[in-house]
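**Student:** Take this structure, written in structure tokens, and hold onto it; I'll ask about it next.
The values are calculated or read from the model by the stated rules, or taken from the named source; none is laboratory data. Predicted, not measured: the structure shown is a model, and the values here were computed from it. No Cβ is skipped: glycine too gets one built from the backbone with ideal geometry, and neighbour counts run over all protein chains shown.
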Amino acid sequence: MGRLVIALSAATCALFVAALTVGPAQIGPGESLRALIAGDSGPLTLVMREIRLPRAILAVLVGGSLGLAGAAMQGYLRNPLAEPGLIGVSGSAALGAVLAIPTGLAASFALGLPLMALGGALLGVVLVVALAGPRGSSLTLILAGIAISALAAALTSLVLNLSPNPFAANEIVFWMMGSLADRSMLHVGIALPFVLAGWVALGTLGRGLDALTLGEDAAGAMGIGLTRLRLTLIFGTASVIGASTAVAGAIGFVGLVVPHILRPLVGAQPSRLLWASALGGAIMVLAADIAVRVILPDRDLKLGVVTALVGAPLFLHLIYKTRREFG
Amino acid sequence: MSGSMRGFRFLILMCLAGALAVPASADTPDPSPRRVVSMNLCTDQLAMLVAGPDQLISVSYLAYDPRGSAMAEEARAYRMNRGLAEEIYLMQPDLVIAGSFSTRATVDMLRRLGIPVAIFDPAYSLDDVRTRLREMGDTLGRANAAEALIADFDAQLEALRAGSAARLRAAIYYANGYTSGDRTLAGQILDAAGFDNAAVEAGFAAGGILPLEVLALLDPSVLITGRRYPAASRSEAILDHPVVQFLREGRASGTFADRDWVCGTPYVLRAIAELRDVHQSVAGE
């Protein structure tokens, strides 16, 4: 376990530094890091501190949130297909965020955007958990997810299409696919409190989720309050997914891929999977965000495109493995 | 079965109607069209400038919007259309004017119904403004009116260009981080006002998405940004980014109104004049 944590942390740090040195402006790595740390009033420092640093920080926050939320939901529902993007939580968070922009809530006070996204995510999680039930089958879970995703996507498109702003309709792509391009410290500021609160909440779930692997009755007998566990999960997930989606759009499949890869490495123990997945999520989003800048630097390739290209085949593989349950 | 039958009959009726419409316009002795409908923001304005009295009957709904149209007031005198084949057909036009980006399906449908459609390309340069005016004059049989407008345009442009001071470096930055290079109408407006386009140095001759960090390193002496539309959008939020704010602070910046910039009409002169004022305020310092 110790070795895994060290390896994942080292990879996160290395990718964080790499993310700082990659970008459309051709700056040498040494030069860029010097400008970041030493700093002057020149444009180079501006680029490093106001564009690349917030982007890299957000990749860690968003990736960590997606990985952690995925691991927590999968632990609670005891189903490897539960992923915030697939089951409509990210989609409903995007709907909340989209509603905050034309109504002026996002502009009038700083927390308007993440709070609305959190509200949307909350609605999504509650719906999924209620529809799938505490021990939902894969089929119910995925069908509920499809319904919620489709509804949230349709309403998001509707809001953007009805906006009198001529640019609004093109933003559907951002909300569906996500991006970290040209964010600022302002975005870090609005996401950070919600992300940290959510991380703390989800982090406390470890013991409960471990107990839950033995079944609900056994967990109850071990003194785990299931109602409290469920509420913590719902609010924690809504908080991290809401804040992440508000600043980066809906990025799918991270919460699916990362726990799937790490599960065997932690002996399938939910409590250990939580923190491993948070680090793994940060690694995946940092890597994907480097990829979008290296592969098509001048096309503003969306982050969600890369994560979906990696994640969707794995999703199919998981469905293939669980198809007996579907039959 | 009965549904498809009715549909079939409707098709025949439509075809007949189209067939009838053709001879009606072909019989007109005067070759210039008398009932013209325009369905594109830019052709709307060109047509309003060039058309004779009662020749133009309808313009697109976009022409009524003062944010995008330089002739929103004038547009009120015409009927509004939303560029749908059905409503345009019912206006019984003998000529429809569309832009090359107008909906293909609508244009094809109108042609199938026997209505001639003239298609105009957008303007990519100040030269294109003259060309489009001339084309509109030819299309509407109003060549003299068009030539008068061109002469007037040339004279005003000459006056604006005269006394050009030292060149300054400027960059255009729109919503979504879009920029315009030299080979665009906006780039030519910038050039005519006495600015060198900084985006061209970074290889954006035709325009495209200029990454914010590239803009920061270009460090232009003037940053020209788009004017906001109502109801906030994520796309425009980039103009609030600390880097953009920094580039605006302590140096001249301009905003532009889309109505004078998007279409190749003589109204681009207003855009040039506004930019010249920015240029002079910086050069005068």
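**Student:** At pLDDT 90 or above and more than 21 Å from the chain's Cα centre (by Cα): which single residue out of A:L192, A:L139, A:L158 fits that description?
**Tutor:** Answer to the selection: A:L158.
**Student:** Could you say which residue among B:S235, B:S221 is among the hydroxyl-bearing types (S, T, Y) and either facing chain A (nearest Cβ under 9 Å) or without any contact (Cβ under 8 Å) to a residue 60 or more places away in the chain (or both)?
**Tutor:** After ruling out the rest, the residue left standing is B:S235.
**Student:** Quick check: is even one residue across the range B:192-213 away from chain A (no Cβ under 14 Å), in contact (Cβ under 8 Å) with a residue 40 or more places away in the chain and under 22 Å from B:Q55 (Cβ atoms)?
**Tutor:** So far as the range B:192-213 goes, no, none of its residues is away from chain A (no Cβ under 14 Å), in contact (Cβ under 8 Å) with a residue 40 or more places away in the chain and under 22 Å from B:Q55 (Cβ atoms).
**Student:** Of the residues A:R323, A:R228, A:R299, A:R263, which single one is within 14 Å of another protein chain (Cβ to nearest Cβ) and surrounded by fewer than 24 Cβ atoms within 10 Å (Cβ to Cβ)?
**Tutor:** Answer to the check: A:R299.
**Student:** Related question: If you check A:L155 against the conditions, is it touching a residue at least 24 places away in the same chain (Cβ under 8 Å) and surrounded by fewer than 24 Cβ atoms within 10 Å (Cβ to Cβ)?
**Tutor:** Criteria met by A:L155.
**Student:** Return the residues of the range A:79-119 that are within 14 Å of chain B (Cβ to nearest Cβ) and within 17 Å of A:T307 (Cβ to Cβ); say none if nothing qualifies.
**Tutor:** A:A94
**Student:** Give me the pairs: first residue in the range B:64-92 and within 14 Å of chain A (Cβ to nearest Cβ), second residue of a type in the set (G, A, S), beta-carbon distance under 8 Å, and six or more apart or on different chains, which are they?
**Tutor:** Listed by first residue and then by second, the contacts come to B:Y64/B:A72; B:Y64/B:A75; B:D65/B:A72; B:P66/B:A72; B:R67/B:A257; B:S69/B:A63; B:S69/B:A75.
**Student:** For residues that are among the polar types (S, T, N, Q) and closer than 13 Å to B:T179 by Cα, tally how many sit in the range B:200-234.
**Tutor:** Counting residues in the range B:200-234 that are among the polar types (S, T, N, Q) and closer than 13 Å to B:T179 by Cα gives 1.
**Student:** Going by the structure shown, is A:V5 touching a residue at least 24 places away in the same chain (Cβ under 8 Å), surrounded by fewer than 24 Cβ atoms within 10 Å (Cβ to Cβ) and either hydroxyl-bearing (S, T, Y) or more than 14 Å from chain B (Cβ to nearest Cβ) (or both)?
**Tutor:** yes
**Student:** OK, next. So B:I57 passes all but one of these: (1) in contact with a helix residue (DSSP H, G or I) (Cβ under 7 Å, 6 or more places away or on another chain); (2) within 17 Å of B:L140 (Cβ to Cβ). Which condition number does it fail?
**Tutor:** (1)
**Student:** A further question on this structure: Restricting attention to helices (runs of 4 or more DSSP H) lying wholly within the range A:27-96, give those where 3 or more residues are buried (at least 24 other Cβ atoms within 10 Å of the Cβ) and out of contact with any strand residue (DSSP E or B) (no Cβ under 8 Å at 6 or more places or on another chain).
**Tutor:** Where helices (runs of 4 or more DSSP H) fall fully within the range A:27-96 and carry at least 3 residues being buried (at least 24 other Cβ atoms within 10 Å of the Cβ) and out of contact with any strand residue (DSSP E or B) (no Cβ under 8 Å at 6 or more places or on another chain), they are A:53-77.
**Student:** Say we look at the range A:158-178 and pick out the residues that are touching a helix residue (DSSP H, G or I) at 6+ places or on another chain (Cβ under 8 Å) and more than 10 Å from chain B (Cβ to nearest Cβ); which of these is surrounded by the most Cβ atoms within 10 Å (Cβ to Cβ)?
**Tutor:** Ranking the qualifying residues of the range A:158-178, first place goes to A:G178.
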